[in-house]
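Data block below; observations after.
The values are calculated or read from the model by the stated rules, or taken from the named source; none is laboratory data. In this text, all values refer to a predicted model and were calculated from it rather than measured experimentally. Cβ atoms come from the backbone with ideal geometry, glycine included; neighbour counts cover every protein chain shown. Each accessible area value is taken on the protein alone, full model and side chains, heavy atoms only, with ligands, DNA and RNA left out. Shrake-Rupley method; radii C 1.70, N 1.55, O 1.52, S 1.80 Å.
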Amino acid sequence: MKILTKEIDTPGLTGIEVYEKTLDGYQSLKKAFEKKPEEIVEMVKASGLRGRGGAGFPTGLKWSFLAKDVFPRYLACNADESEPGTCKDRELMEKNPHLLIEGMILCSYACRINTAYCYLRGEFRHIQRVFDKAIEEAYAKGYLGKNILGSGFDLEMYSHLGAGAYICGEESALLSSLEGCRGEPRLKPPFPAVEGLYSKPTIVNNVETLCVVPFIVNEGAEAYAAIGTEKSKGTKLISVSGHVNKPGNYEVPMGTPTSVIINEHAGGIRNGNKLKAFIPGGSSVPMLPADKVDVPYDYESIAEAGSMLGSGALIVMDDTTNVVAETLRLAYFYMHESCGKCTPCREGTRWMYQLLSQIEQGNGKPDQVELLDDICDNMSFKCFCPLGDAAVGPVASSIKYFREDYEELIADAKAGV
Amino acid sequence: MFVFSEESEKEIERNLAKYPFKKSALLPLLHVAQDQEGYVTPEAMEEIGKRLDVSPAYVESVATFYTMFHTRPVGKYVILFCHNISCKLLGADDLLDYTAKKLGIEVGGTTTDKKFTLLREECLAACCGGPMMRVNEDFHEFLTKDKIDKILASLP
C-alpha cells in the first residue's frame, strides 16, 4: 500500500503535467472546495492521522485548536529535516514537490489560511529550486493565488530557506527563525495554533504529514483509517540506514514488524553479521537491543518497548558496533546543536560529551557511568524545549542496554590497556 | 560601503515581497550577500541592517547563530562532510580523514589555492546514502576513496 511514495520514481514527476496525469494531481482541491473548511478538518480528525515530524500529535485536532476568528493565520510547513537518521522528507520534496503543495493548499483551505510558508533547512537549497518551480507551475494553473479554481479561496505560498540549525525543527524555534531571529524556542503555551508566526494563529506541520492529506480528501477518512493499527493509522515512510544491505526509504503500513522492515525491505544485516542495536525513530529516541527487533512499528508498540517512533528513522547497528562510540557521536551532535538558551541543555549536553569522550578514549573512571546517568536524570523534562530530552535518549538507553560496553572500556582504562 | 549587485537587488526584492514584516527577510538577505561575496562581510551585515531597520549587531547575532553563514572567506568549493551516526557507521570518519589528507588541510581549513574548504557536517538528510558529502549544492552519496578522488578531480 503506497500513499506517499506511489509512482514516486516516475520520470518528470516534479513537473505539474506529469503529476496531474500520473497521480490525478490537484483533483482533491475540487473535492475539498465542495465542502466547508471545517468538514475537511473533521475528515482529517476521523482519518486518525498523527503528525509525522516526531511528536505524533493528532493532526486534525491540532488544526481544530486554531484560535477562533483571529486573522490572518499562517501555515508553516516544517521542512527542516535535520534529525540524524532521517531523510524521508527530502525524497518526498525532491521527487514529488506537487504532492506537498497540494497538501499545503488543503490544510490552508481547511484552516482558513491565506499565506503559507515552507521552511526548508539551509542545506536543501537545491530542493528550494525544485519547490519554487513547482509553486510557479501551481500559480500558472490557478491552484494558488486569488480565487483558486473559482472557489473564492485565496492562497499565497512561499519557500523560506534556513541556514543550518537543527533546533529550527522545533516548531516555535522555526517560527522565530522565520521572523528573522536566532532560532531559539519559545515558551509554550501559548502554542502556535493560538499565537504563532507574527503572534497570529499558525499551523506547523511536517512535510510527510501534509503529503498524506490529498489521499484523505480523495479517498476518504475511512480509507486511510483502514490502514495500520487501531491507534496508529495509515502508512509510515521509514528511513532505514546503517548496517543493512539495502538502506533506503520504505513506506509500510503502521504495525509492520521492525524485523520485517530490516530483513525484508532493507535486505537484512550486512556481511551476514548479527543485529546488536537499533534506534527506531531517529537520533533523539532511545536505542533498543536486538531482542526487541520484532516490535511492531507503530507509536504504541514502540513506546511499550521503551522507545519512540519519533521521525521514523530506523538506524541499524550490527555486532561490530562500539555502542559507546556511536553514543558519543550523538552526544556531540546535541552539544553542537543546543541553542544555549537554557542551562540544563547547554551545560548538560557538553558535560555528557566530555564524560563520554573520556570513557571512549580509554580514560574513564567507574563512577562516570553513574554520573552520566545522573546528568540524564537532571536533564529529563527539565529543559526549555525537547532538544534536551532528545539528547538524553541515546545516552540513557545505551547505559541501560549496553552497560557492559561502558564497563569494558573502563576496566581496560584501569588495567592500562 | 557594501553594494549589492543588480542580480542581488532582484533577489532582495523578490524576498522582501514574501513577508508582511521585512525583518523576516534577514536570513534570505544573508544568503544573497553570501552568494555574492562568498561569505558575509561586516559591511554586508551593516547594509542588511539598514535595509531591514535593525542594527548591524543584531544582524551579526543572527548570522553567527546559523552554521551555514560564513563570516570569513571560504574556498570556491565548500565540502560539508557528514560525520553523524548513519554515515559514521559506514566509515565516514576514515573517509573524512582521507579527504583532509588528500587536500593537505585540517578539517575546518581551506586549501592555499582557495579552491576547497572542508567542514564537518551534522547530518545532511542523506542517511540512506551514507557515507556522503555535499560539495556546494551537490549531494554525493555512497562515498568511497575512489569516488572522492573522482569527484575532487572533476571540479574545475
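Below, the figures for the structure above:
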| read-out | value |
| --- | --- |
| B:Gly104 out of contact with any Leu (no Cβ under 8 Å at 6 or more places or on another chain) and either assigned by the TED database to the domain that holds B:Gln36 or on the phi > 0 side of the Ramachandran plot (or both) | yes |
| Looking only at segment B:1-22, and only at residues there that are open to solvent by less than 70 Å² (accessible area, probe 1.4 Å) and within 11 Å of chain A (Cβ to nearest Cβ), the one that is nearest to the chain's Cα centre (by Cα) | B:Asn15 |
| Single unsatisfied condition, A:Pro97 versus (1) within 14 Å of chain B (Cβ to nearest Cβ); (2) within 26 Å of B:Ala126 (Cα to Cα); (3) not charged (D, E, K, R) | (1) |
| Test: A:Arg52 is basic (Lys, Arg), touching a Gly at 6+ places or on another chain (Cβ under 8 Å) and crowded, with 24+ Cβ neighbours inside 10 Å | yes |
| Evaluation of A:Asn78 against (1) surrounded by 21 or more Cβ atoms within 10 Å (Cβ to Cβ); (2) out of contact with any strand residue (DSSP E or B) (no Cβ under 9 Å at 6 or more places or on another chain) (one fails), failing number | (2) |
| Filter result for B:Ala33 (among the hydrophobic types (A, V, I, L, M, F, W, C) and within 14 Å of chain A (Cβ to nearest Cβ)) | yes |
| Complete set of residues in segment A:329-376 that are acidic (Asp, Glu), open to solvent by 30 Å² or more (accessible area, probe 1.4 Å) and within 14 Å of another protein chain (Cβ to nearest Cβ) | A:Glu360 |
| Qualifying positions in segment A:340-386 - assigned to a helix (DSSP H, G or I) and aromatic (Phe, Trp, Tyr) | A:Trp351, A:Tyr353 |
| Single match in A:Tyr119, A:Tyr74, A:Tyr139 (criterion: more than 20 Å from A:Gly56 (Cα to Cα), without any contact (Cβ under 8 Å) to a residue 60 or more places away in the chain and not assigned by the TED database to the domain that holds A:Ser284) | A:Tyr139 |
| Residue within segment B:113-126 that is surrounded by 21 or more Cβ atoms within 10 Å (Cβ to Cβ), touching a Gly at 6+ places or on another chain (Cβ under 6 Å) and aliphatic (A, V, I, L, M) present | no |
| From A:Ser47, A:Ser64, residue being among the small types (Gly, Ala, Ser), open to solvent by 10 Å² or more (accessible area, probe 1.4 Å) and on the phi < 0 side of the Ramachandran plot | A:Ser64 |
| Matching entry among B:Pro42, B:Pro28 (being within 14 Å of the chain's Cα centre (by Cα) and either open to solvent by less than 30 Å² (accessible area, probe 1.4 Å) or outside the structural domain of B:Gly108 (by the TED database) (or both)) | B:Pro28 |
| Pairs where the first residue, in segment A:32-57, is more than 26 Å from A:Tyr119 (Cβ to Cβ) and the second is among the polar types (S, T, N, Q), C-beta under 7 Å, 6+ apart | A:Phe33/A:Ser151 |
| Selection count where residues are of a type in the set (Asp, Glu) and within 14 Å of chain B (Cβ to nearest Cβ), scope segment A:145-169 | 1 |
| Among (1) surrounded by fewer than 20 Cβ atoms within 10 Å (Cβ to Cβ); (2) assigned to a strand (DSSP E or B); (3) of a type in the set (Phe, Trp, Tyr) - the single one A:Tyr139 does not satisfy | (2) |
| Qualifying positions in segment B:84-106 - open to solvent by 50 Å² or more (accessible area, probe 1.4 Å), touching a strand residue (DSSP E or B) at 6+ places or on another chain (Cβ under 9 Å) and either β-branched (Val, Ile, Thr) or under 10 Å from B:Leu118 (Cβ atoms) (or both) | B:Glu106 |
| Some residue of segment A:112-120 being open to solvent by 20 Å² or more (accessible area, probe 1.4 Å), of a type in the set (S, T, N, Q), closer than 20 Å to A:Gln27 by Cβ and not in a strand (DSSP E or B) | no |
| Near pairs, Cβ below 6 angstrom, 6+ apart or cross-chain, from segment A:318-329 (in contact (Cβ under 8 Å) with a residue 24 or more places away in the chain) to any residue that is open to solvent by 20 Å² or more (accessible area, probe 1.4 Å) and part of a loop (DSSP other than H, G, I, E, B) | A:Asp318/A:Asn273; A:Asp319/A:Asn273; A:Asp319/A:Lys274 |
| Residues (open to solvent by less than 10 Å² (accessible area, probe 1.4 Å), at the interface with another protein chain (Cβ under 7 Å from one of its Cβ atoms) and of a type in the set (Val, Ile, Thr)) located in segment B:58-83 | B:Val62 |
| Some residue of segment A:315-324 being part of a helix (DSSP H, G or I) and out of contact with any Pro (no Cβ under 7 Å at 6 or more places or on another chain) | yes |
| Segments classed as helices (runs of 4 or more DSSP H), wholly inside segment A:196-309, with at least 1 members that are within 13 Å of chain B (Cβ to nearest Cβ), hydrophobic (A, V, I, L, M, F, W, C) and crowded, with 24+ Cβ neighbours inside 10 Å | A:207-219 |
| Those strands (runs of 3 or more DSSP E) lying entirely in segment B:88-156 with at least 1 residues among the acidic types (Asp, Glu) and at the interface with chain A (Cβ under 9 Å from one of its Cβ atoms) | B:116-121, B:138-140 |
| Extreme residue, nearest to the other protein chains (Cβ to nearest Cβ), among residues of segment A:109-144 that are closer than 25 Å to A:Ser177 by Cα and among the small types (Gly, Ala, Ser) | A:Gly122 |
